[in-house]
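A.B. asks: Got a structure for you, written out below as structure tokens; questions coming shortly.
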Amino acid sequence: LDATLHVYREVEAAAKEQRKPPLCTVALAAKLTNQAYRAGVTISAGTDGDTDAGDPWPALFDELELLNRSAGLPPSAVVKAATLNGAKAAGQEQEMGTIAVGKLANLVVLTANPLEDVKNFRTVVLTVKRGRAFQRGAQPAR
């Protein structure tokens, strides 16, 4: 299940603007995600939503926090949803999603442990993509 809880914030805001009830709310999507998780359904992290240009963090970080805070997934399940399960959902688990010999070197370096608090995903200082390191805030070379 690609829960995409973050997008329901946008759905709720649009419905409010149109003065109509939303077809689904963050609370309902979170409840359904929690039920699926407890039933053993694999949960992956996705957003399907936009990030405001001025926001320093991608919508994915909101999604991870919603999976924990609203859907009740423990931090370890949130990490797995963002890594291995995301790779599986994309059919890429042989190439990424875990750290192993022969897999792509795609990872982030954090200053705080997301297993203690999923908000710690927002402590990224370095991203490694296909073995190339990018400092937080640095622009990639063209």
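A.B. asks: Do the conditions hold for residue 89, that is, is it more than 16 Å from residue 7 (Cα to Cα), touching a residue at least 12 places away in the same chain (Cβ under 8 Å) and not basic (Lys, Arg)? Before the answer, list the steps.
C.D. replies: Values: more than 16 Å from residue 7 (Cα to Cα): yes; touching a residue at least 12 places away in the same chain (Cβ under 8 Å): yes; not basic (Lys, Arg): yes.
So residue 89 passes the test.
A.B. asks: Further, regarding this structure: So residue 116 clears everything in (1) in a loop (DSSP other than H, G, I, E, B); (2) more than 21 Å from residue 66 (Cα to Cα); (3) open to solvent by 50 Å² or more (accessible area, probe 1.4 Å) except one condition, right? Which one?
C.D. replies: Unmet for residue 116, out of (1) in a loop (DSSP other than H, G, I, E, B); (2) more than 21 Å from residue 66 (Cα to Cα); (3) open to solvent by 50 Å² or more (accessible area, probe 1.4 Å): (2).
A.B. asks: Here is a list: 51, 98, 123, 111. Which entry is more than 18 Å from residue 6 (Cα to Cα), out of contact with any Leu (no Cβ under 8 Å at 6 or more places or on another chain) and among the polar types (S, T, N, Q)? Break it down stepwise before answering.
C.D. replies: Working: 51 fails: more than 18 Å from residue 6 (Cα to Cα); 98 fails: out of contact with any Leu (no Cβ under 8 Å at 6 or more places or on another chain); 123 fails: out of contact with any Leu (no Cβ under 8 Å at 6 or more places or on another chain).
Just a single option satisfies the conditions, and that option is 111.
A.B. asks: Where in the range 1-75 are there helices (runs of 4 or more DSSP H), lying wholly inside it, with at least 2 residues that are open to solvent by 80 Å² or more (accessible area, probe 1.4 Å) and of a type outside the set (Val, Ile, Thr)? Walk me through how you get there before you give the answer.
C.D. replies: Details: elements: 5-17, 26-38, 59-69.
By residue number, 5-17, 26-38.
A.B. asks: Right, residue 128: open to solvent by less than 30 Å² (accessible area, probe 1.4 Å), over 20 Å from residue 10 (Cβ atoms) and modelled with pLDDT under 95 or not? Reasoning before the result, please.
C.D. replies: Values: open to solvent by less than 30 Å² (accessible area, probe 1.4 Å): yes; over 20 Å from residue 10 (Cβ atoms): yes; modelled with pLDDT under 95: yes.
Against the criterion (open to solvent by less than 30 Å² (accessible area, probe 1.4 Å), over 20 Å from residue 10 (Cβ atoms) and modelled with pLDDT under 95), residue 128 qualifies.
The values are calculated or read from the model by the stated rules, or taken from the named source; none is laboratory data. What you see is a predicted model, and the numbers here were worked out from it, not measured in a lab. Methodologically, a virtual Cβ is constructed for each residue, glycine included, from the backbone with ideal geometry; neighbour enumeration extends over all protein chains shown. Surface accessibility is based on the protein's heavy atoms, side chains included, excluding ligands, DNA and RNA. Shrake-Rupley method; radii C 1.70, N 1.55, O 1.52, S 1.80 Å.
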